[in-house]
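One structure coming up, written as structure tokens, with questions to follow.
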């Protein structure tokens, strides 16, 4: 091979390697962008889960309060009904 042929082959090899490097850098950038997008989605999902967890805790607390109130009301109703029954029994005597 002549020097011109070698020089042309080196130039071609350098051009090919430069293009491969550019393609690899572009591919890394695309993949990095996808990773960032997925991380943002993951952060949003985690935030949503935490928000729902807080909401569930609030609702459970409200439910607990309502159940306590309901038990108290039922207890009072039972007491009143017992007194009424006692009054009726006393009147019958």
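Laboratory data are not the source of any read-out in this text; all were calculated from the coordinates shown. Just so you know, these numbers come straight off a predicted model, no measurement behind them. So basically every Cβ, Gly included, is an ideal-geometry build from the backbone, and we count neighbours across all protein chains shown.
Of (i) 133, 14, 8; (ii) 64, 24, 19; (iii) 59, 34, 28, which is the value of Cα extents along the principal axes in Å derived from the coordinates here?
(i)
Please find the FRET efficiency linking residue 20 to residue 43, where r is the Cβ-Cβ separation and R0 is fixed at 41 Å, and quote it to the nearest 0.05.
My answer for the efficiency is 0.75.
Right, next: Quick one: helix 3-92 against the long Cα principal axis of the chain, what's the angle to the nearest 10°, folded into 0 to 90?
0 degrees
Would you mind calculating the gained length between residue 77 and residue 34 on full extension (0.36 nm times residue separation, minus the Cα-Cα distance), in nm to one decimal?
Gain on stretching residue 77 to residue 34: 9.2 nm.
Compute the distance in nm between two label points, each set 7 Å from the Cα along the Cα-to-Cβ direction, one at residue 68 and one at residue 7.
Distance between label points: 9.2 nm.
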